[in-house]
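Okay, structure first, notes after.
The values are calculated or read from the model by the stated rules, or taken from the named source; none is laboratory data. Here the structure is a predicted model, which means the values were calculated and not measured. Ideal geometry is used to build each Cβ from the backbone, glycine not excepted, and the neighbour counts take in all protein chains shown.
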Amino acid sequence: MSEQSTMDAAVMVQKFTDFITVNYLAELLENARKGFGFLNINFRDLITFEPELADLLLDQPEEVLKAAEIACGSINEKAKSTVVRVHNLPAKTCEMYIRNIRSKHLNKFFLIEGIVRQKSDVRPQVTSAKFECPSCGNVLAVIQVDKKFKEPTKCSCGRKGKFRILNKELVDAQMIKLEEIPEQLEGGAQPKRIDTFLTKDLVSPLTESRTNPGARIKVTGVIKEVPITLRTGGQATRFDLLFEVNHVEPVEQDLSDIKISESEEKQIIELSKHSQLWKKMVDSIAPSIYGHDMIKKALILQMLGGVQKQKKSGITIRGDIHMLLIGDPGGGKSQMLKRQSVVAPKARFVSGRGASGTGLTATVVKDEFLQGWSLEAGALVLANKGLCCIDELDKMTKEDTWSMHEAMEQQSVSISKANIQASLRCETTILAAANPKFGRFDPFDTVASQINLPSTLVNRFDLIFPIKDLPDKEKDARLAGFILGQHQSDEDEPPLETELLRKYIAYARQQCVPVLTDEAIEELQSYFVTMRGSGTKGGVVKSIPISARQLEGLVRLSEAAAKLRLSSCVTAEHAKQAIELLDYCLKQVALDEETGTIDIDRIATDMPASQRSKIITVKEIIVDIENKIGKVIPLEDIVTAAGEKGIQESEVEEVIQKLKRSGDLFEPKRGFISRI
């Protein structure tokens with residue numbers, strides 16, 4: 001080392017000593033007392049205090065950071081091995097996209113933003129080892145940078161090999177795969193990944209939660225090359241890239257991370273008292289789509305969500321409101337989903353054709369770093385405490401939709417593969433869109449029978465909205481005027497700006513935990529009891545209009561309506577708004593034309609209650625006739641007996657066909673049936 005460079009190093013240490021003493025002395029002493037072992041430095045402070053040193057940090061990061069570490073030790077003995085972590089680098093000059101990293105960027109200091117896709121376990125790693133030469137007693141230090149443990153090749157005395165290891169320095173290390181964020185991608189480009197290396201306090205239990213799979217983070221650090229070893233044992237001419245992290249900063253993740261200033265808070269509180277708040281919100285939620293006011297109302301409540309309740313028994317009652325839009329092509333479903341994925345801060349958009357069950361929940365992949373298996377989170381887990389928009393839900397295979405059951409109700413994803421048993425949190429709100437069975441609604445058939453999805457999945461949605469595209473002269477004229485007007489001008493200014501809308505929703509979710517009042521409970525209870533009673537006539541259950549699942553949905557919608565007004569309690573008025581929405585949905589989807597009543601079994605199960613009661617009646621008739629005439633029963637006798645009870649011949653034949661398919665009946669000879 002020349003005198004000039006030694007002098008430079010000494011000057012660097014001195015400058016850092018002055019800088020830390022002036023700006024960060026209290027923080028350094030506090031961290032040293034608590035034994036944290038790190039000091040966070042704002043790059044803006046450094047560039048203001050000593051611009052030359054800041055420039056040198058970007059060009060020669062390792063030497064400068066080492067000088068900063070020595071400076072910390074010279075200020076206080078307890079802060080001897082303090083790592084200096086630099087954040088707040090200027091994005092314009094220092095931010096680097098993963099796809100743009102080239103050889104000229106090696107060993108330079110950069111800022112990279114990305115999404116954590118995969119994460120290995122924390123393991124100790126050797127950073128340097130000291131060896132003693134048995135011949136002359138010389139101590140040799142070897143820095144370990146490769147995967148392979150390195151020993152000294154030879155000593156100054158001429159000895160080669162068989163050196164005695166004195167000690168080795170271990171440090172906690174972890175590897176994470178960082179992927180480009182969607183905004184950085186062009187056209188059909190595939191997101192690029194880079195291995196990032198975290199050590200020391202960056203992998204401590206306090207900071208590890210920042211780097212969980214799915215987290216969006218900004219990391220500053222040094223780009224390094226890693227040698228690739230060939231199968232033959234030699235070294236390849238190609239090198240791999242590694243990003244050695246200096247500082248990790250989480251980017252706005254969910255609603256609780258959004259920062260709201262005092263002036264914005266004042267604006268939000270004023271807006272909550274506005275008499276036309278509902279109209280302003282509805283007009284702002286999807287301004288490019290005409291009509292659908294009830295759906296837009298529901299979308300607002302969905303983003304606000306209900307209150308999650310944690311019982312002492314360990315049971316969690318979900319607060320998320322799941323919604324399904326099912327309708328004709330060109331109804332604007334996908335556009336609504338896209339708009340929601342922009343308004344909600346932590347949102348993901350997936351399409352049914354390009355999504356699989358493992359892609360939605362979680363999958364097990366081969367971990368190259370640890371030579372084992374590791375978990376890779378899917379879209380629902382990555383959108384934890386956020387919104388997941390699933391388009392073309394009907395195009396997914398049945399096996400893939402089954403994987404959503406647990407995620408929607410229990411709000412967790414359990415996986416048991418390749419000796420990995422894990423349960424991941426999945427507190428995700430789901431907004432899905434699908435087409436009817438034959439692509440377009442049949443006006444002569446019920447909506448429920450045209451939903452081409454498993455009944456167990458449909459039952460888990462709180463609100464289901466059919467979007468029908470039926471010709472109507474006046475409505476069509478207004479719709480055409482609206483769409484053509486949009487093409488004429490680029491102005492699409494909603495009453496509330498998107499940023500204010502996001503902050504309003506974030507504020508409501510952070511600050512409001514509304515509690516049900518007695519008036520609201522009375523309102524919901526009376527609606528539930530009235531609806532249940534409407535399905536019973538003369539003591540006979542004709543249909544089941546509403547179940548406990550819908551009642552829980554009403555509670556969540558009422559709480560969301562209270563949050564919209566920043567209210568601390570759910571009033572009867574909020575309960576009425578929830579009832580109005582649910583009633584609208586049930587009349588659209590669950591109306592049984594035969595009985596004229598609402599029947600939740602139309603969507604909750606594969607069979608409406610009216611049809612189930614006919615099956616029970618026919619079964620009773622068969623048992624009665626069997627007791628009179630024996631095992632083989634003529635079909636005519638059943639039709640006659642059923643006719644007396646008001647069931648038509650075609651309906652009897654349909655019921656018998658169903659019972660034959662299910663294995664309850666068989667046909668020993670033509671025109672006769674027997675019970676199995």
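Couple of notes before you dig in:
- Leu271 vs. criteria closer than 26 Å to Cys389 by Cα and either modelled with pLDDT under 85 or surrounded by 13 or more Cβ atoms within 10 Å (Cβ to Cβ) (or both): no
- When residues of region 272-293 are limited to those that are among the aliphatic types (A, V, I, L, M) and not in a loop (DSSP other than H, G, I, E, B), the one nearest to Ala562 (Cα to Cα): Leu277
- Meets criteria (more than 21 Å from Thr456 (Cβ to Cβ) and in contact (Cβ under 8 Å) with a residue 24 or more places away in the chain) for Ser403: no
- Residues of region 67-81 satisfying the condition of being without any contact (Cβ under 8 Å) to a residue 12 or more places away in the chain and in a helix (DSSP H, G or I): Gly73, Glu77
- Residues (farther than 13 Å from Val116 by Cβ and hydrophobic (A, V, I, L, M, F, W, C)) located in region 204-244: Leu206, Val222, Ile223, Val226, Ile228, Leu230, Ala236, Phe239, Leu241, Leu242
- Out of Ser416, Ser449, one residue alone is over 18 Å from the mean Cα position of the chain (by Cα) and assigned to a helix (DSSP H, G or I). It is Ser449.
- Of all residues making up region 15-57, the number that are part of a helix (DSSP H, G or I) and either of a type outside the set (A, V, I, L, M, F, W, C) or under 24 Å from Ser204 (Cα atoms) (or both): 22
- Considering region 536-557, the residues that are part of a loop (DSSP other than H, G, I, E, B) and buried (at least 22 other Cβ atoms within 10 Å of the Cβ) include one that is modelled with the highest pLDDT, namely Ile546.
Here's the yes/no breakdown for (1) at pLDDT 85 or above; (2) under 30 Å from Leu500 (Cβ atoms); (3) within 23 Å of the chain's Cα centre (by Cα):
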position: Val222; (1), (2), (3): yes, no, no
position: Thr229; (1), (2), (3): no, no, no
position: His247; (1), (2), (3): yes, no, no
position: Ile258; (1), (2), (3): no, yes, yes
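- Residue check: Ala79 meets all listed conditions (1) crowded, with 17+ Cβ neighbours inside 10 Å; (2) touching a Phe, Trp or Tyr at 6+ places or on another chain (Cβ under 7 Å); (3) of a type in the set (A, V, I, L, M, F, W, C) but one, namely (2).
Per-residue answers, yes or no, for (1) touching a residue at least 12 places away in the same chain (Cβ under 8 Å); (2) of a type outside the set (Phe, Trp, Tyr); (3) over 27 Å from Gly319 (Cβ atoms):
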residue: Thr446; (1), (2), (3): yes, yes, yes
residue: Asn459; (1), (2), (3): yes, yes, no
residue: Phe465; (1), (2), (3): yes, no, no
residue: Thr498; (1), (2), (3): yes, yes, no
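- Boolean, Ser135 is modelled with pLDDT of 85 or more and loosely packed, with under 15 Cβ neighbours inside 10 Å: no
- Screening region 138-148 for residues that are at pLDDT below 75 and either exposed (fewer than 14 other Cβ atoms within 10 Å of the Cβ) or among the β-branched types (Val, Ile, Thr) (or both) and picking the one that is farthest from Ala236 (Cα to Cα) gives Ile143.
- Qualifying residue in region 111-118 (condition: modelled with pLDDT under 80 and on the phi < 0 side of the Ramachandran plot): yes
- Meets criteria (under 27 Å from Val222 (Cβ atoms) and either at pLDDT 80 or above or not small (Gly, Ala, Ser) (or both)) for Ala189: no
- Residue match in region 26-37 (condition: surrounded by 15 or more Cβ atoms within 10 Å (Cβ to Cβ), at pLDDT 85 or above and out of contact with any Leu (no Cβ under 7 Å at 6 or more places or on another chain)): no
- Region 547-568, residues that are closer than 28 Å to Lys266 by Cβ and of a type outside the set (Ser, Thr, Tyr): Glu559, Ala560, Ala561, Ala562, Lys563, Leu564, Arg565, Leu566
- Region 619-634, residues that are closer than 15 Å to Phe666 by Cβ and under 56 Å from the mean Cα position of the chain (by Cα): Lys619, Ile622
- Of the residues Ala480, Ala506, the single one that is out of contact with any strand residue (DSSP E or B) (no Cβ under 8 Å at 6 or more places or on another chain), loosely packed, with under 15 Cβ neighbours inside 10 Å, aliphatic (A, V, I, L, M) and at pLDDT 80 or above is Ala480.
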